[in-house]
Amino acid sequence: MKFWRTAIVLSLIIALWMVLMPAVASGQVPSRRSGITLFTDGSFFAYSGILNRRSSLLLHGEKISAPDGDRVQVFVQPLAFGFALNRDISLVGVVPVVSKRKSFQPLLGPSRSALGGSVGIGDVTVLAKWRFLKLDRPGGTVQLALVGGAQLPTGATDLRSDDRGQLLPPTLQRGTGTVNFLAGFGGTYVNRRFTTHFSGLYVINREGEQDFEPGDAVEVSVQPGYRIWQRPFPGPEMGIGINLFVESQGHARGTGTILPDSGGTRVFVGPTIWLNFKPDMGVQVGVDFPVFQDLNGAQLEYRPRLTVGFVKLFWF
């Protein structure tokens, strides 16, 4: 409960600060899942909260344990900061606040036990985004960009259990202990009220602490949307959309050995809604449902995940 209180208070403080901050710029945020870059001399701050949950053991797509067995909960709060070198190149840094918690029912004992759960900084990501194509026309635009960067080993890798003081497994640590690399592309298509963002990303995961190496990962996303309500400039405006994410990851390795119960492919689909109070400030909420899971070996099933976000743009 202490973790949830901290997370909720932090979210409310950031949200209130962003709503009360006066407007000083106009533009759009250069998400890695779009082709948009910042305006010249622009910058932004964004906060998101992403809750991932897993429960019920799956083997070849079939449940082999009850939902009240092992459960894993990962709550990530990325704090993103970005600024524009020029109209086509943006630099972004992402500082994640991470909490990972695993609960289980011991063989002996009436109550559930838990591992992890403490809140702290995870591995920081630095990104560069280059927009190489921008075709504008009345009421619309097409933009394409390349994205590249690295994940730096800033998160803790020595967290221990509260009861016995044992070192937690790598999957429950907030950091990896190594530098990982990522590269991909993003695109945006706008036709009056219709907007579509699409992207692809490849992540090279290297061996880190405890001789653990997650498999390389690939993510493809398509996010069509429609502005259902729009006031004359400077707004506000509201829109709805659909998120489609395809995420695939190879087998992990431990001490050089392939771990059979790791990696796989999952597909998430879900609705999202956003509200831009002004051109430089907005909020978004979405829920993604796992519609397909092809997991290697025996792994916990992915549950619906919740995402909330706030963004504020500036002009220096």
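The values are calculated or read from the model by the stated rules, or taken from the named source; none is laboratory data. Just so you know, these numbers come straight off a predicted model, no measurement behind them. With ideal geometry, Cβ positions are generated from the backbone for all residues, glycine too; neighbour counts draw on all protein chains shown.
Residues that are surrounded by 16 or more Cβ atoms within 10 Å (Cβ to Cβ): which strands (runs of 3 or more DSSP E) entirely in region 160-262 hold 2 or more of them?
180-191, 194-204, 217-230, 237-249, 252-254
Given the options Pro170, Pro153, Pro214, Pro232, name the one that is free of Cβ contacts under 8 Å to residues at least 24 places away in the same chain, of a type outside the set (Lys, Arg) and out of contact with any Leu (no Cβ under 9 Å at 6 or more places or on another chain).
Pro232
Out of all the residues in region 276-295, which are in contact with a Pro (Cβ under 8 Å, 6 or more places away or on another chain), modelled with pLDDT of 95 or more and of a type outside the set (Phe, Trp, Tyr)?
Gly286, Val287, Asp288, Pro290, listed by residue number.
In region 63-82, is there at least one residue being of a type outside the set (A, V, I, L, M, F, W, C), farther than 23 Å from Asn296 by Cβ and within 12 Å of the chain's Cα centre (by Cα)?
Yes - at least one qualifying residue is present in region 63-82.
Looking at region 289-316 only, could you name the residues that are in a strand (DSSP E or B) and within 30 Å of Leu85 (Cβ to Cβ)?
Once the filter is applied, which keeps residues that are in a strand (DSSP E or B) and within 30 Å of Leu85 (Cβ to Cβ), region 289-316 yields Thr307, Val308, Gly309, Phe310, Val311, Lys312, Leu313, Phe314, Trp315.
Can you name the residue in region 129-145 that is aliphatic (A, V, I, L, M) and surrounded by 15 or more Cβ atoms within 10 Å (Cβ to Cβ) and, of all such residues, is farthest from Ala84 (Cα to Cα)?
Result: Val142.
Please specify each residue of region 235-258 satisfying the condition of being touching a Leu at 6+ places or on another chain (Cβ under 9 Å) and within 30 Å of Leu313 (Cα to Cα).
Pro236, Glu237, Met238, Gly239
Criterion first (touching a strand residue (DSSP E or B) at 6+ places or on another chain (Cβ under 8 Å), closer than 30 Å to Phe39 by Cα and of a type outside the set (Asp, Glu)) does Ala156 satisfy it?
no
Take the residues in region 32-62 that are among the hydroxyl-bearing types (Ser, Thr, Tyr), under 19 Å from the mean Cα position of the chain (by Cα) and assigned to a strand (DSSP E or B); name whichever of them is surrounded by the fewest Cβ atoms within 10 Å (Cβ to Cβ).
Ser48
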